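A.B. asks: This structure is in structure tokens; I'll ask about it shortly.
The values are calculated or read from the model by the stated rules, or taken from the named source; none is laboratory data. In this text the structure is predicted, and so the values were computed from the model without any measurement. Cβ atoms come from the backbone with ideal geometry, glycine included; neighbour counts cover every protein chain shown.
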Amino acid sequence: MEQVVQDLEPWEVPPGKEYWQALLNEGEYGEGATVSTEREDSNLGSEHDASVPKQTTEPARLEPDSQPTGQELVCWDTFARYQAEDKPIELQAVGFNRGGLLVEWDSVTGFVPASQLCGRVPYDDQLRRESLAGRVGSTLTLKVIELDPYQSRLILSERAARRVEERNPALLDELDAGIVCRGRVTNLCTFGAFVDLGGAEGLIHISELSWGRVSHPTDVLHGGQEIDVYVLNVDRDLGRVGLSLKRLKPDPWNTVESRYQIGQVVEGVVTNVVKFGAFVRIEEGVEGLIHASEFVVGTGTYHQSTRAGDVIQVRITSIEGVRHRIGLSLHQAQ
């Protein structure tokens, strides 16, 4: 199985553990989320929120390796069947914590992350608690997105259930690789962006957002944004659509050797400083490397004198368009 996954392109690999973990971690934003300007301040929950006692305070720790018995096993089997059949289930909200809502069925408690609730959930602590508390007692239509009875872990999504209800099988028949269509960004997580195409949902893997370096999808898109996307592939059996944003534009590396020459001095922006040098963006999608030996002599170490975001003049020392490499020099430019 691992070999099969390795042979797939990044956008073809189905969302796995890292996606559902992103739902509970700081790097995931839905179209209704209020995004903090500081990413480290946007933690909306923790992995231990998955199954906790009913409460309105902070989440409790999960007891590892719990062994379900009796009626619990019947409940877990039911949840597993709903997940396998991709069917929504209706559950009542019985409690909340800062990360989201708690739901319950018989002896099993589940968790709905705030990012997976329909509608806007405020980021302000007081307003957030009031909003979540107001939903306690209501019945939610949910979809099981992660399930592990031996870790007492049950994660559900209201937004995913709505997408199931709104799914349009006929649209998948109309989609084909190579076409361009319009959609709305519904979810941003660490590995990409989900886009509603009007009855079918597609995924833009982070590697397909831009020809340039993208540290997080929120650097490129925001929830609710209307965008044109290029269809990479369509899996009608699984209902999955691979999308690309960057392929709406030509690959800049294809013509880089005709647009730049060795010895030319250009202006660029430092994007990353590493132990062997610094990467510099000279245009969108095209980065070159200043090797440590090509920095100005006599100004101390380049780690001290160069920072990400610096605008500098560099001289091109080598160009390899096929390999997506450009060698740069700082001291030769000066």
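A.B. asks: Would you be able to say whether some residue in region 255-263 is at positive phi and modelled with pLDDT of 90 or more? Break it down stepwise before answering.
C.D. replies: Going residue by residue through region 255-263, those that are at positive phi are 263.
Now restrict to residues that are modelled with pLDDT of 90 or more: 263.
Yes, region 255-263 has at least one match.
A.B. asks: Would you please name the residue that is modelled with the lowest pLDDT, looking only at residues in region 281-334 that are among the basic types (Lys, Arg) and not in a strand (DSSP E or B)? Spell out the reasoning first.
C.D. replies: Our first condition is that a residue be among the basic types (Lys, Arg); within region 281-334, this holds for 281, 307, 315, 323, 325.
Next cut, not in a strand (DSSP E or B) only: 307, 323.
Values: ARG307: 86, ARG323: 90.
Selected residue: ARG307.
A.B. asks: Touching a Phe, Trp or Tyr at 6+ places or on another chain (Cβ under 7 Å) and within 29 Å of TRP105 (Cβ to Cβ): does that describe LEU132? Steps first, answer last, please.
C.D. replies: Numbers: touching a Phe, Trp or Tyr at 6+ places or on another chain (Cβ under 7 Å): yes; within 29 Å of TRP105 (Cβ to Cβ): yes.
So LEU132 fits the description; yes.
A.B. asks: Out of the residues in region 77-128 that are touching a Leu at 6+ places or on another chain (Cβ under 7 Å) and among the aromatic types (Phe, Trp, Tyr), which is farthest from ARG153 (Cα to Cα)?
C.D. replies: Residue satisfying both the conditions and the ranking: PHE96.
A.B. asks: If you check SER157 against the conditions, is it at pLDDT below 85 and crowded, with 18+ Cβ neighbours inside 10 Å? Break it down stepwise before answering.
C.D. replies: Details: at pLDDT below 85: no; crowded, with 18+ Cβ neighbours inside 10 Å: yes.
The answer is no for SER157.
A.B. asks: Now a separate question. Considering only residues that are in a loop (DSSP other than H, G, I, E, B), of a type outside the set (A, V, I, L, M) and under 16 Å from ILE89 (Cβ atoms), look in region 108-153 and name the one that is nearest to the chain's Cα centre (by Cα).
C.D. replies: To start, the set of residues in region 108-153 that are in a loop (DSSP other than H, G, I, E, B) comprises 117-120, 122-124, 134-138, 152.
Subsequent filtering for residues that are of a type outside the set (A, V, I, L, M) retains 118-120, 122-124, 134-135, 137-138, 152.
Okay, now just the ones that are also under 16 Å from ILE89 (Cβ atoms), so 118, 138.
Values: CYS118: 18, SER138: 29 Å.
Among those residues, the one meeting the criterion is CYS118.
A.B. asks: Still on this structure: Could you pull out the residue among ARG98, ARG81, ARG120 that is in the same structural domain as ALA161 (by TED's automatic domain parsing), surrounded by 12 or more Cβ atoms within 10 Å (Cβ to Cβ) and farther than 21 Å from CYS189 by Cα?
C.D. replies: Working: ARG98 fails: farther than 21 Å from CYS189 by Cα; ARG120 fails: farther than 21 Å from CYS189 by Cα.
Only one candidate passes the filter, namely ARG81.
A.B. asks: Going residue by residue through region 76-85, is there one that turns out to be out of contact with any Ser or Thr (no Cβ under 8 Å at 6 or more places or on another chain) and within 13 Å of LEU140 (Cβ to Cβ)? Steps first, answer last, please.
C.D. replies: Looking only at region 76-85, we keep the residues that are out of contact with any Ser or Thr (no Cβ under 8 Å at 6 or more places or on another chain), and these are 76-85.
Restricting the remaining residues to those that are within 13 Å of LEU140 (Cβ to Cβ) gives none.
Within region 76-85 (the criterion being out of contact with any Ser or Thr (no Cβ under 8 Å at 6 or more places or on another chain) and within 13 Å of LEU140 (Cβ to Cβ)), the answer is no, since none of the residues qualifies.
A.B. asks: Let me ask something else. Please go through region 90-109 and give me each residue that is touching a residue at least 60 places away in the same chain (Cβ under 8 Å) and under 16 Å from LYS143 (Cβ atoms), ordered by number. It would help to see each step written out before you state the result.
C.D. replies: Within region 90-109, the subset touching a residue at least 60 places away in the same chain (Cβ under 8 Å) is 91, 99.
Of everything in region 90-109, just one residue is touching a residue at least 60 places away in the same chain (Cβ under 8 Å) and under 16 Å from LYS143 (Cβ atoms), namely LEU91.
A.B. asks: Would you pick out the residues in region 226-283 that are more than 30 Å from LEU197 (Cα to Cα) and among the β-branched types (Val, Ile, Thr)?
C.D. replies: THR255, VAL256, ILE262, VAL265, VAL266, VAL269, VAL270, THR271, VAL273, VAL274, VAL280, ILE282 - these are the residues of region 226-283 that are more than 30 Å from LEU197 (Cα to Cα) and among the β-branched types (Val, Ile, Thr).
A.B. asks: Between GLY224, GLY137, which is surrounded by fewer than 17 Cβ atoms within 10 Å (Cβ to Cβ), more than 30 Å from VAL280 (Cβ to Cβ), modelled with pLDDT under 85 and small (Gly, Ala, Ser)?
C.D. replies: Numbers: GLY137 fails: modelled with pLDDT under 85.
Exactly one of GLY224, GLY137 is surrounded by fewer than 17 Cβ atoms within 10 Å (Cβ to Cβ), more than 30 Å from VAL280 (Cβ to Cβ), modelled with pLDDT under 85 and small (Gly, Ala, Ser), namely GLY224.
A.B. asks: Something else now. Go through the residues of region 170-183 one by one and say whether even a single one is surrounded by 16 or more Cβ atoms within 10 Å (Cβ to Cβ), part of a loop (DSSP other than H, G, I, E, B) and outside the structural domain of HIS324 (by TED's automatic domain parsing).
C.D. replies: Yes, region 170-183 contains a residue that is surrounded by 16 or more Cβ atoms within 10 Å (Cβ to Cβ), part of a loop (DSSP other than H, G, I, E, B) and outside the structural domain of HIS324 (by TED's automatic domain parsing).
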